[in-house]
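Worksheet: one structure, shown below.
The values are calculated or read from the model by the stated rules, or taken from the named source; none is laboratory data. Note that the structure is a prediction, hence the values are computed from the model and not measured. Neighbour counts are summed over all protein chains in view; Cβ atoms, including those assigned to glycine, are modelled from backbone coordinates with ideal geometry. Heavy atoms of the whole protein, side chains included, go into the accessibility calculation; ligands, DNA and RNA do not. Shrake-Rupley method; radii C 1.70, N 1.55, O 1.52, S 1.80 Å.
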Amino acid sequence: MKNSIFKYDSYKEYLNLTLESLGSGARSKMALAAGCQAGYVTQVLNGDANFSAEHAEKISQFLGHTDSQLHFFLLLVNFERAGTDSLKRYYKKQIEKIKLDQDILKNRMEFQQILSIENQAIFYSSWHYGAIHVAVSIPGCDTEEGLSKYFNIPLQRVSEITSFLENIGLLVRDNLRLKVGPSQVFLGSDSPLISK
């Protein structure tokens, strides 16, 4: 997977591309997770029907979204469901603000080559960060799903870690696959984090 949800204006386009990247059977698994029929999923993704907020929350869990991704996904669903122009404008404004914030964050992080002390503290707070950073070079571990299975870590936790690692430049996406990014982790011998 993982397609960055923040570049989409339509949750249907996002889901169609994400499900395609997950391979055969993904649509049925998502329907099961959402508590609806596979036929209804097809109706929503190819037609005018929309998921409820309850369906959307369960789908978001199925996809291993972080809290910020869940929030954005719900905004996209509510935008599609909105019945008045004024309500559509309200959701559209929130969507655009988040997309702008994401672009600013991405641009700021692109220039960071060596990790700040704050990011080093997060990175060294759990073995998960370093293990996932290195493991993306192992065949089958270049997606969140593959990493989740390999390390037996919940998908949502893996998504939180890969999002952090992408934001600080330790991971990048290439055609929906993860790979090691340009940033570096370096600790001097006098660093208080050296024991970790």
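Rolling a 1.4 Å probe over the heavy atoms of the protein chains gives the chain an accessible area of 55 Å² per residue.
The coefficient of translational diffusion for the chain, derived via Stokes-Einstein from the alpha carbon Kirkwood radius under 4 °C and 1.567 mPa s, stands at 72 µm²/s.
Rounded to the nearest 10 degrees, the inclination of helix 155-167 to the longest alpha-carbon principal axis of the chain is 60 degrees.
Projected over every direction and averaged, the convex hull enclosing the alpha-carbon atoms of segment 1-108 yields 6.6 nm². Between SER28 and ILE98, the modelled labels are 3.1 nm apart [label points 7 Å from Cα along Cα→Cβ]. Principal-axis analysis of the Cα atoms of the chain puts helix 11-22 at an angle of about 60° to the longest axis.
Length available on full extension from ALA121 to LYS179: 0.36 nm per residue minus the Cα-Cα distance, which gives 18.7 nm. If I compute solvent accessible area with a 1.4 Å probe over the protein chains, what percent of it on the chain is carbon and sulfur? Within the chain, the accessible surface is 54 percent carbon and sulfur.
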